1. So Asp392 fits all but one of (1) under 30 Å from Leu88 (Cβ atoms); (2) surrounded by 14 or more Cβ atoms within 10 Å (Cβ to Cβ); (3) among the acidic types (Asp, Glu); what number is the exception?
2. Tell me which residues, restricted to segment 81-113, are closer than 23 Å to Asp147 by Cα and among the aliphatic types (A, V, I, L, M).
3. Give the residues of segment 69-96 that are over 19 Å from Ile119 (Cβ atoms), within 16 Å of the ligand (Cβ to nearest atom) and not hydroxyl-bearing (Ser, Thr, Tyr), sorted by residue number.
Amino acid sequence: MTQANFSKPFTQQEAIPEAGIERAVEIMKSGRLHRYNLTANEESEASCLEMEYAKWQGTNYCLACTSGGYAIQLALRVCGAKPGDKILANAYTLAPVPGAIHNVGAIPILVDIDENYHIDLEDLEAKAATSGSKFLLLSHMRGHIADMDKVVEICTTYGICLIEDCAHTMGAKWRGVRSGNFGMVAAFSTQTYKHMNSGEGGFLTTNDAEIAARAVISSGSYMLYGRHGAIPVEEVFQKVRLHSPNYSGRMDQMRAAMLRAQLPVLEENVYRWNSLYDTLHARLATMEGIIIPTRKQEEFYVGSSIQFRADVLPKEKISAFVDSCSARGVELKWFGDDQPKAFTSRYDSWKYIDDLPILPTTLRVLEKTLDMRVPLTFTTEDCKLITDIIKDEIERFAKS
Ligand SMILES: *Cc1c(COP(=O)(O)O)cnc(C)c1O
């Protein structure tokens with residue numbers, strides 16, 4: 001039993017590295033904030049970022065854009081999704097995912113998840129076989145990576161184009177291969193709560209030349225696409241440039257400067273996250289009545305958030321449990337709440353989707369799922385205090 005309360009904010013990110021701040025100030029002083037607003041022979045900050053990220057990610061092409069949600073939407077469009085098309089998607093995800101599908105005018109076919117927050121492979125295969133869908137938008141939600149060998153196999157068998165939403169897996173791997181390198185296109189977010197922070201921002205990566213060219217033009221490059229770095233050769237652009245609508249969503253120089261300064265420390269940050277995560281995980285795992293999802297051996301995760309299920313508590317008690325943790329400074333989000341709050345989401349709250357399916361495992365698993373952010377401003381000691389508080393409160397509520 002600990003009496004202490006926790007007092008650090010769960011929303012506090014680290015400062016932007018000094019080099020990024022300096023560069024951003026220089027850019028502001030120059031007044032040249034637009035990625036194509038360059039002096040003779042000047043290199044675009046956004047273009048350099050794209051080249052550096054492509055190299056880090058291990059892909060041929062990269063486009064920096066306004067947000068992760070934008071990157072997903074653009075990915076769907078450049079892969080050929082049309083209004084009325086069916087898009088398979090795991091039901092445990094965040095609202096920008098069904099939002100991107102809706103934005104394209106397509107129809108989400110939601111797929112159930114399993115006990116460990118992965119897309120349910122049986123349900124995926126069944127729906128791949130019967131729905132006629134030609135796209136799978138797979139969200140590696142909260143960084144839990146499904147068996148990618150099987151996912152890719154199912155997609156290949158049914159001729160399905162795989163698009164990966166890597167908002168929570170920037171830096172994560174499956175069998176040593178970076179998440180985002182399994183499908184046709186991947187989308188990443190650099191919004192404040194993700195693994196790099198530019199306030200808002202995103203990346204689209206691909207190895208397909210024509211898709212890359214279409215994405216660059218559609219992001220709003222006009223005929224200035226030649227000023228990008230991680231792009232295919234001119235002949236590819238010649239083919240698509242007059243057939244790609246401008247869906248204006250460029251990244252600006254300031255954000256690019258902030259991100260360029262963060263990329264060199266991303267790998268180190270991944271290990272810092274995992275060190276905090278592993279402390280939290282080890283202590284939560286010993287508590288009675290708490291279920292922590294099992295990670296697959298092939299997975300290398302980035303522990304920027306942690307999920308667990310308060311199995312001992314009946315659903316009716318979870319809201320009060322969350323409130324009492326909050327009163328002691330520990331901020332948990334409950335994915336099972338009937339009403340979505342803050343960033344939580346349960347698929348059945350997306351009422352704009354027609355014919356919402358009943359996905360029994362998703363509903364059952366999320367019913368008791370609690371989610372906690374792990375900002376890098378926390379220390380190992382912080383993680384110990386946080387888990388002590390959770391332990392006290394869960395024991396108290398389990399008895400009451
Ligand atoms: C944050 C997030 C997105 C969207 O990213 P934005 O940059 O906020 O648009 C998409 N998918 C998931 C799973 C996310 O968490």
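1. In the conditions (1) under 30 Å from Leu88 (Cβ atoms); (2) surrounded by 14 or more Cβ atoms within 10 Å (Cβ to Cβ); (3) among the acidic types (Asp, Glu), Asp392 misses (1) alone.
2. Result: Ile87, Leu88, Ala89, Ala91, Leu94, Val97, Ile109, Leu110, Val111, Ile113.
3. Gly69, Ala71, Gln73, Leu74, Arg77, listed by residue number.
The numbers here are math on the coordinates, done by the rules we state, and not lab data. It should be emphasised that the depicted structure is a prediction, and the values quoted were computed from it without experimental measurement. Cβ atoms come from the backbone with ideal geometry, glycine included; neighbour counts cover every protein chain shown.
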